Amino acid sequence: MNLEKINKIYNTHSKFYDLTRPFFLFNRKKTIELLNIQKQDKIIDLACGTGLNIPLLLKKTSSENILGIDYSEAMLKKAMKKYPGVKFIKGDVATYKFSKKVDKIISTYSLSMIGNFKKTILNVKNSLKKNGTFVILDFYKWNGIIKIFYPIFKLWLKK
């Protein structure tokens, strides 16, 4: 998906994003645990949206160690308002050149929305310190009782 289309979609979604995403975007806490964050680690929240990962990251480290990047200005405005101590930047996660390498990078429910995910992963690799960690949580088929709602969810994503 191209950046302008993403920006347009999330300009609309930013109005209700925080209210709806907890109902179908699961496992953020588990994913952040996989990062094994140390107090001093520098972390990038890739395609951070409105900052749904930020409160979980703040339990592990301080706000000055977190950087959120997203292309959607509307989503970033929400994140900045909620977490004024965290630095957020507008940028294309596939091409943005970070000034310093970091210890950890997390991507939750965003890599599948990025048009050039291979270029993004290469950019992540180049942005991590030696022995850094990149953890991805993205869409997958649902299991258990909630799987009956998966076809509706897929239709929603297509729109």
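Overview of results
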item	result
Output for the stretch 64-118, where each listed residue is over 14 Å from the mean Cα position of the chain (by Cα), polar (S, T, N, Q) and closer than 22 Å to LEU137 by Cα	ASN65, THR95, ASN116
Verdict on ASP70 being of a type outside the set (A, V, I, L, M), on the phi < 0 side of the Ramachandran plot, touching a strand residue (DSSP E or B) at 6+ places or on another chain (Cβ under 6 Å) and surrounded by 14 or more Cβ atoms within 10 Å (Cβ to Cβ)	no
Extreme residue, surrounded by the fewest Cβ atoms within 10 Å (Cβ to Cβ), among residues of the stretch 82-121 that are in contact with a strand residue (DSSP E or B) (Cβ under 7 Å, 6 or more places away or on another chain), part of a loop (DSSP other than H, G, I, E, B) and in contact (Cβ under 8 Å) with a residue 60 or more places away in the chain	TYR109
Residues located in the stretch 46-80, provided they are at pLDDT below 95 and part of a strand (DSSP E or B)	LEU46, ASP70
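The values are calculated or read from the model by the stated rules, or taken from the named source; none is laboratory data. Please read these numbers as outputs of a predicted model, since none were measured by experiment. Cβ coordinates were reconstructed from backbone atoms using ideal geometry, including for glycine residues, and neighbour counts include every protein chain displayed.
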